[in-house]
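Beneath this line is the structure, given in structure tokens, with notes to follow.
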Amino acid sequence: MSTGLSARTAPRTAPRTAARTGLALAAASALTLGLATSASAATSTRTIVDGSTTYSLSLTAPNTAAAAGQVITVTGSGYNSSQGIYVGLCVVDGAAGVNKPTPCLGGQDQTGTTGASHWINNIFGGLFANSSRFGTGGTFSVQVYVRATLDDGSVCGEDVTCAIVTRADHFDSGDRKYDVHIPVTFN
């Protein structure tokens, strides 16, 4: 019985067709996954006076994230580079600057194992895991891990209100001037 294909072309055609099909399926899956996990960015601003200097703080981060967890990029500008800050996902109560954002996912991740927070400090930044220094003009761009369920078992959007935040670091943890919030929902 003849298939119309020579013995020379049949073996090469089948693997190519299978490879093309596999590539098309992989591309479609990647596109679907990318669309399902992509998030729109939100920006929150706050103008503060620290001493005699006015700072126009700006924080940009996704306002939605995957409930099971994902790494997000958070950027900021206008910060006082003499004041260290933490960037992370925290429970918030009230407007920025009213109450300290706490608890935060990962707590104070001093070992750098969770990636749930990032410390920005111009003296010690870059010496420890998940830390860096401010860029020119008090800028930063960092990656942090977020998920809906916090370490204490509370769930963002169900039990507590959560936001991507900046807050003064442990050298001045009572200072609420550097609190900036971007509310986040999980899907």
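Report, by residue number, each residue of the stretch 166-187 that is of a type in the set (Phe, Trp, Tyr) and either over 21 Å from the mean Cα position of the chain (by Cα) or assigned to a loop (DSSP other than H, G, I, E, B) (or both).
In the first step, residues of the stretch 166-187 are kept if they are of a type in the set (Phe, Trp, Tyr); the result is 171, 178, 186.
Answer for the stretch 166-187, where residues must be of a type in the set (Phe, Trp, Tyr) and either over 21 Å from the mean Cα position of the chain (by Cα) or assigned to a loop (DSSP other than H, G, I, E, B) (or both): 171, 178.
Pull out all pairs, ordered by first then second residue, where Cβ-Cβ is under 9 Å, the residues are six or more apart or on different chains, the first lies in the stretch 145-165 and is assigned by TED's automatic domain parsing to the domain that holds residue 45, and the second is crowded, with 20+ Cβ neighbours inside 10 Å and polar (S, T, N, Q).
145/117; 163/44; 164/44
In the stretch 66-88, is there at least one residue being among the aliphatic types (A, V, I, L, M), within 17 Å of the chain's Cα centre (by Cα), over 23 Å from residue 161 (Cβ atoms) and modelled with pLDDT of 95 or more? Walk me through it before giving the result.
Step one: of the stretch 66-88, the residues among the aliphatic types (A, V, I, L, M) are 66-68, 71-72, 74, 85, 87.
When the remaining residues are screened for being within 17 Å of the chain's Cα centre (by Cα), the result is 66-68, 71-72, 74, 85, 87.
Now restrict to residues that are over 23 Å from residue 161 (Cβ atoms): none.
No, the conditions are met nowhere in the stretch 66-88.
The values are calculated or read from the model by the stated rules, or taken from the named source; none is laboratory data. Keep in mind the model is a prediction, meaning the values are calculated, not measured. Neighbour counts are summed over all protein chains in view; Cβ atoms, including those assigned to glycine, are modelled from backbone coordinates with ideal geometry.
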